[in-house]
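Trainee: First, the structure itself, so that you have it in front of you.
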Amino acid sequence: MTVFSSERPLRVAVIGSGPSGIYAAEALLKQTSLPAEVDVFDKLPTPYGLVRYGVAPDHLKIKSVTALFHKVLSDPRARFLGNVELGKDVSPDELRAYYDAVIYTVGASADRRLGVPGEDLEGSLSATEFVAWYNGHPDAAARQMLLHASGVAVVGVGNVALDVSRILAKTAGELHSSDIAAHALSALETSKVSDVYVLGRRGPLQAKFTTKELREFGELHAADVVVRPEEIEVSDEEYAAISDNVVKRNLDVLREFAARPPTSKPRRVHLRFLVSPTEVLGEGGQVTGLKIEKNRLDAQGNAVGTGEYEVLDVQMVLRSVGYRGVAIPGVPFDEKRGVIPNAQGRVEGRSGEYTAGWIKRGPSGVIGTNKADAVETVGRLLEDAQGLTPAPQANRPAIDALLSSRGVDVVTLQDWQALEAHELEHGQVAGRPRLKVAGREQMFEVIRSRR
C-alpha cells in the first residue's frame, strides 16, 4: 500500500529550471499513479536555463517554449524557488529531510578546452562565456568584452559556433529586433570585426550544425559567406552514399556558398574545414593570431595533420568544442564523462536521487530531446516510489523556514513574473522584444520594488 496520498503527496525537488527540469516537473504533474508536488530550484533568480541564457537572441521562435514552461510552474502543485544554490544554501543531504526524492537537472555548464599553447591569453575564451555575455547572464553581465578585434576565430562546427559567428557578423540594426542584452548590443554597435573564421577539424560531412542555422549565413546584410571549394570536396560516390538528409542538405548549401562571387560587404564569415588550431599566438599577453594545421581524413574518418600550417590574423579566439557537467558537492560524479553516473536516471548508489538532461546523458540533442529523457527518469522514480523512505519534514513551510533562517531571498514565480513584466515593458518602449535585466542586484531592485 502506498504511503503517498492527497493529504501526503509525493514531494520531489527538481534542481535546475532549464528544459530538462521543467520537463521532469511536467511528467510528475501529468502522471496519475500517485499525488505529487514539485519544487523546482534554480541558483539563478530567473527560470528556464539555456532557453533564456543559451538560445541565440535572434532565434525568438525557439524561446516560445517558455509559454509551456510557465504553465508547468503555474500549476498549484508546483513551485519555483529561484536564487537557491545547492551546496551553498542547502546541501543534497539536507534536502532529503524535506523531499522524498530529488532530481538533478543542472545541465553541463563547463566548456571543453582546446589543449593548445596560448589558450589562456587575453582574448581567448570559451563560446559559452561569450554567449552568456550577450544573453545577459548575471554571472557574465559585468564582463567587458573586447570587440576591438578585426579578426575572430571560432573553433568548432556545432550550432553554438554558428550562433556566436552569426552574432559577430550581424549589424546592430539586424540585432535590434532580438532580445540580445543591451550592454552587448551597445558593444557590438562599435565592433571592429571584419572577418570571422569558423573552423572544423574534419570535413563538411562530419559537421554537427543544422541546415537552418547554416542557411542564415547567406542572408546577412553586411557579411559575405566564404567557403573554399577544395575544403568541401566530396566525390560523386561519397555524395550518393550520404544517408543523413541533414548532412546532404548542409553540403548542398555549402556548395552554393562556395559558388557565390564575393561582393563588397564590409564583413566576411569564412567557413573552414579540415583545419585544427595548434597554437594561439600572442604578444603582451594578448591574442595576435591563431596557428592552424591543415588536416586530411584517414580511413576511419579521423582528422590527421598534414604538416602544412597557416596563421590566421585574429585578435580573438572563441572555443566551441563541447560542454561537460560540473560536479555537485555531495553527489556522485563521473569526472571522465562529466555526468552524474546513473542507470536510466537513477543515480548510482543513491536511493531516492535521480538525474535528467545533459548532466545525465552528456551534452547532446536539442531542447525537445530533454522531454523523453526526463519522462524516462520520472518513470524510474515512480517505479521506486513504494520503496522510498518518506521525508520526515515533507511540507512547504518546513523548507521555506530553513531557507529563511539562512537569509536566502527566494525568488518565487510571482517575483519572476514581476521581473519579466518589467523587461517586456521597457522593451516595448525601446521598440525591442524585451530589455533583459542582467545584473543580480538590478534584478532584486526590480523584484523588491514590485513585491
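The values are calculated or read from the model by the stated rules, or taken from the named source; none is laboratory data. If you're wondering where the values come from, they're calculated on a predicted model, not measured in any experiment. Ideal geometry is used to build each Cβ from the backbone, glycine not excepted, and the neighbour counts take in all protein chains shown.
Trainee: Got a sec? Which of Val331, Val366 is touching a residue at least 12 places away in the same chain (Cβ under 8 Å) and closer than 27 Å to Gly54 by Cα?
Mentor: The match here is Val331.
Trainee: Return the residues of segment 206-231 that are closer than 30 Å to Gln300 by Cα and either in contact (Cβ under 8 Å) with a residue 60 or more places away in the chain or within 24 Å of the chain's Cα centre (by Cα) (or both); say none if nothing qualifies.
Mentor: Those that are closer than 30 Å to Gln300 by Cα and either in contact (Cβ under 8 Å) with a residue 60 or more places away in the chain or within 24 Å of the chain's Cα centre (by Cα) (or both): Gln206, Ala207, Lys208, Phe209, Thr210, Thr211, Lys212, Glu213, Leu214, Arg215.
Trainee: Does segment 97-114 hold any residues that are more than 22 Å from the chain's Cα centre (by Cα) and surrounded by fewer than 21 Cβ atoms within 10 Å (Cβ to Cβ), and which are they?
Mentor: Selection gives Ala97 alone.
Trainee: What are the residues in segment 419-451 that are under 29 Å from Arg77 (Cα atoms), crowded, with 17+ Cβ neighbours inside 10 Å and of a type in the set (A, V, I, L, M, F, W, C), if any?
Mentor: Once the filter is applied, which keeps residues that are under 29 Å from Arg77 (Cα atoms), crowded, with 17+ Cβ neighbours inside 10 Å and of a type in the set (A, V, I, L, M, F, W, C), segment 419-451 yields Leu419, Val437, Met443, Phe444, Val446, Ile447.
Trainee: Let me ask something else about it. What residue, of Ser191, Ser186, Ser165, is buried (at least 19 other Cβ atoms within 10 Å of the Cβ), of a type in the set (Ser, Thr, Tyr) and not in a loop (DSSP other than H, G, I, E, B)?
Mentor: Checking each option against the conditions leaves just Ser165.
Trainee: Same structure again: Exactly one of (1) outside the structural domain of Pro277 (by TED's automatic domain parsing); (2) at pLDDT below 95; (3) not aromatic (Phe, Trp, Tyr) is unmet by Asp139. Its number?
Mentor: (1)
Conditions (1) part of a helix (DSSP H, G or I); (2) more than 31 Å from the chain's Cα centre (by Cα); (3) over 17 Å from Tyr98 (Cβ atoms), marked per residue:
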position: Asn370; (1), (2), (3): yes, no, yes
position: Glu376; (1), (2), (3): yes, no, yes
position: Leu381; (1), (2), (3): yes, no, no
position: Thr389; (1), (2), (3): no, yes, no
position: Leu403; (1), (2), (3): yes, no, no
position: Trp416; (1), (2), (3): yes, no, yes
position: Leu424; (1), (2), (3): yes, no, yes
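Trainee: From the list Pro341, Pro329, pick out the single residue that is touching a Pro at 6+ places or on another chain (Cβ under 7 Å), surrounded by fewer than 22 Cβ atoms within 10 Å (Cβ to Cβ), more than 28 Å from Ser150 (Cβ to Cβ) and not aliphatic (A, V, I, L, M).
Mentor: The match here is Pro341.
Trainee: Are any of the residues in segment 51-71 part of a loop (DSSP other than H, G, I, E, B) and farther than 30 Å from Leu214 by Cα?
Mentor: Taking every residue of segment 51-71 in turn, none turns out to be part of a loop (DSSP other than H, G, I, E, B) and farther than 30 Å from Leu214 by Cα.
Trainee: Checking Val366 against (1) aliphatic (A, V, I, L, M); (2) more than 21 Å from the chain's Cα centre (by Cα); (3) loosely packed, with under 14 Cβ neighbours inside 10 Å; (4) part of a loop (DSSP other than H, G, I, E, B), only one condition comes out false. Which one?
Mentor: (2)
Trainee: From the list Ser177, Ser186, Ser194, which one is of a type in the set (S, T, N, Q), within 30 Å of Gly305 (Cβ to Cβ) and assigned by TED's automatic domain parsing to the domain that holds Leu147?
Mentor: Every option except Ser194 fails the conditions.
Trainee: Tell me, please, whether a residue that is assigned to a helix (DSSP H, G or I) and at pLDDT 95 or above can be found in segment 405-413.
Mentor: So far as segment 405-413 goes, yes, one or more of its residues are assigned to a helix (DSSP H, G or I) and at pLDDT 95 or above.
Trainee: Taking the condition on the phi > 0 side of the Ramachandran plot, in contact (Cβ under 8 Å) with a residue 60 or more places away in the chain and touching a strand residue (DSSP E or B) at 6+ places or on another chain (Cβ under 6 Å), does Gly285 pass? Show your work before the answer.
Mentor: On the way: on the phi > 0 side of the Ramachandran plot: yes; in contact (Cβ under 8 Å) with a residue 60 or more places away in the chain: yes; touching a strand residue (DSSP E or B) at 6+ places or on another chain (Cβ under 6 Å): yes.
Yes, satisfied.
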